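Quick notes on the structure that follows.
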Amino acid sequence: MFIFSNWFKQRKQLAERDFAVETLNTITSIGISSTEGTLMLENQNDGWLVNSSFIANSKAVDALFRVLSRLTAESPVPLSVNDSLIDHALRHGLQLAIGLANKEGRRISLYSTKTYNLGNIGVVKGSGTAYKLSLPQFKGDIASLFRVDELYWKSNQIVLPLAHEISSVEVEIPNDIAKSFRIDVSDDTISLY
């Protein structure tokens, strides 16, 4: 019985320290909530949907995953400040809700503090311990890497239709209307106007 209970205790401690996500494919959704607002990313077959309104920029999603996959718990915070830091992280920190396929989702609170020069701390939901966090090659506030503004997630590229779907192209030059033109495509004929 001792070995069995010790195994469960050890497994629980490992889960409390597990901040990193291993693969992007297992994530079904990511909710980000901060004092600046909230944002929901949902994994769709053709990309990530932002707040149920548009497909996210793939570079932004890749950057988010690089952060999520490299978060590392260095050590527990000192016991003397553990409870107060957990309270601050839950009340004032950035909240992440990560939905995972075939697993229970993960809820993480991130908070930056100057207490004992700890810097970035994190708390997994249900844990009684806050951990000092690190991200390789990064020295700033980790929570600042999780953006809730929709403009950040929008692609700055115009989505163009496939070539066989285009029937005409119109180019208007307001400053010199004589240089404006239109191209029509029908069957095997291309006409310039």
Item checked: Most fluctuating residue given options F138, F146, F19, as computed from a GNM of the chain linking Cα atoms under 10 Å -> F138
Note to self: For a quick check of understanding: with a 1.4 angstrom probe and all protein chains in place, what accessible area in square angstrom does S84 have, to the nearest ten?
What the structure shows: 60 Å²
Check: Here are several values of Cα extents along the principal axes in Å: (i) 55, 36, 30; (ii) 83, 40, 27; (iii) 77, 53, 21. Which one was derived from the coordinates shown?
Finding: (ii)
Check: Charges only on Cβ, +1 for Lys and Arg, -1 for Asp and Glu: so what's the dipole of the chain about the Cα centre, in debye to the nearest 20?
Finding: 1400 debye
Next item on the list: Could you do me a favour and compute the accessible area per residue for the stretch 62-191, 1.4 Å probe, result in Å²?
Entry: 67 Å²
Item checked: Expected 222 nm ellipticity per residue - DSSP helices of 4 or more, -39500 (n - 2.57), all of the chain, to 500 -> -7500 deg cm²/dmol
Margin query: Excluding same-chain pairs closer than 8 in sequence, count the lysine pairs in the chain whose Cα atoms lie under 21 Å apart.
Written below: 10
Next item on the list: Return the carbon/sulfur percentage of the accessible area of the chain, one whole number, probe 1.4 Å, all protein chains in place.
Entry: 52 percent
Checklist line | Candidates Y111, Y131, Y152, ranked by Gaussian network fluctuation over the chain, Cα under 10 Å, top entry | finding: Y152
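The values are calculated or read from the model by the stated rules, or taken from the named source; none is laboratory data. Not measured: the values here are computed from a predicted model. Backbone-built Cβ (ideal geometry, glycine too); neighbour counts: all protein chains shown. Side chains included, ligands, DNA and RNA excluded: accessible areas come from the protein's heavy atoms. Shrake-Rupley method; radii C 1.70, N 1.55, O 1.52, S 1.80 Å.
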